[in-house]
Amino acid sequence: MIPIIAIDGPTASGKGTVAQAVAKELGFHYLDSGALYRIVGLASQQANVEFSQHQQLGKMCLGLQIEFVGNQVFLNQKDVTEAIRTEEMGHRASSVGAIPAVREALFSLQKGFLKEPGLVADGRDMGSVIFPEAQLKVFLTATPQIRAQRRYKQLIAKGISANIDILTQDLVERDLRDTQRETAPLVQSEDAFLLDTSNKTIEAAVQQIIVWYQSVK
Ligand code: C5P
């Protein structure tokens, strides 16, 4: 069986950075499932499809040509790496992510990332819905205040102005929508290890996951 490490958790918890580093250390492939929902958010805006048009959004997803090349993301052969990282696309991703037809359309696409020698999958429902068979499931989180501070630093470093109070409020809103939606809500699976990174460095979080993985594989 091809090994899978599923890392789920709320927005701006540091999942992406940690999951990528774990994948690199183990030589595994990496799935950034959030990027797929962000792409759907962008594509629906470009195609002028409203969030209320569930079936049309599902159909649209099936026709999207998505490619990950290193750290770059391509949608229909166009580089959308930067375009999908905005706060607006984060919100649009969270809105389309609540639609069952969209989640269904992205199911097989996500399954397709599972290849030898292994996969680190990062998202909200990796351990609960997409890869319930994962050898290791981690629920990675941090307090909303710490997450807002991390997002703030990221934005400022990119030269984007930001307000810490608005960011905190945005995170809390997005958490609420992600945890309370009916389809594949963000939950900590019973069999997931909890990793609170509020007072941990990225390196410490990565090493903890590697230690857990060595103990279960
Ligand atoms: O992880 P990221 O912040 O890029 O995800 C953006 C949004 O996409 C999340 O807030 C969530 O609503 C949605 N998402 C999801 N299921 C996943 C990954 C992301 O619903 N597996």
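The table below lists the values:
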{"item": "Nearest-20 debye value, segment 4-216 charge dipole, Cβ charges on Lys, Arg, Asp, Glu", "result": "320 debye"}
{"item": "Within straight-line cross-link reach of residue 111, lysines at Cα separation under 30 Å, skipping those fewer than 8 residues along the same chain", "result": "15, 24, 59, 78, 137, 217"}
{"item": "In nm, spacing of pseudo-spin labels at residue 17 and residue 79 (7 Å Cα→C-beta vector)", "result": "2.4 nm"}
{"item": "Alpha-carbon centroids, segment 126-169 and segment 56-121: separation in whole Å", "result": "18 Å"}
{"item": "Sites residue 1 and residue 156, calculated FRET efficiency, Cβ-Cβ separation with R0 30 Å, nearest 0.05", "result": "0.10"}
{"item": "Antiparallel DSSP beta bridges within the chain, as percent of all bridges there, nearest 5", "result": "25 percent"}
{"item": "Kirkwood hydrodynamic radius of the chain, from inverse mean 1/r over distinct Cα pairs, in Å", "result": "17.6 Å"}
{"item": "GluC sites (Glu not before Pro) restricted to segment 1-96 and DSSP loop, no more than 15 other C-beta within 10 Å", "result": "50, 82"}
{"item": "For residue 195, residues with placed amide H under 5 Å, excluding near neighbours", "result": "139, 140, 141"}
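Here, each number is a calculation from the coordinates, and none is a lab measurement. Only a predicted model underlies this, so the values are computations on that prediction, with no experimental measurement involved. Cβ atoms come from the backbone with ideal geometry, glycine included; neighbour counts cover every protein chain shown.
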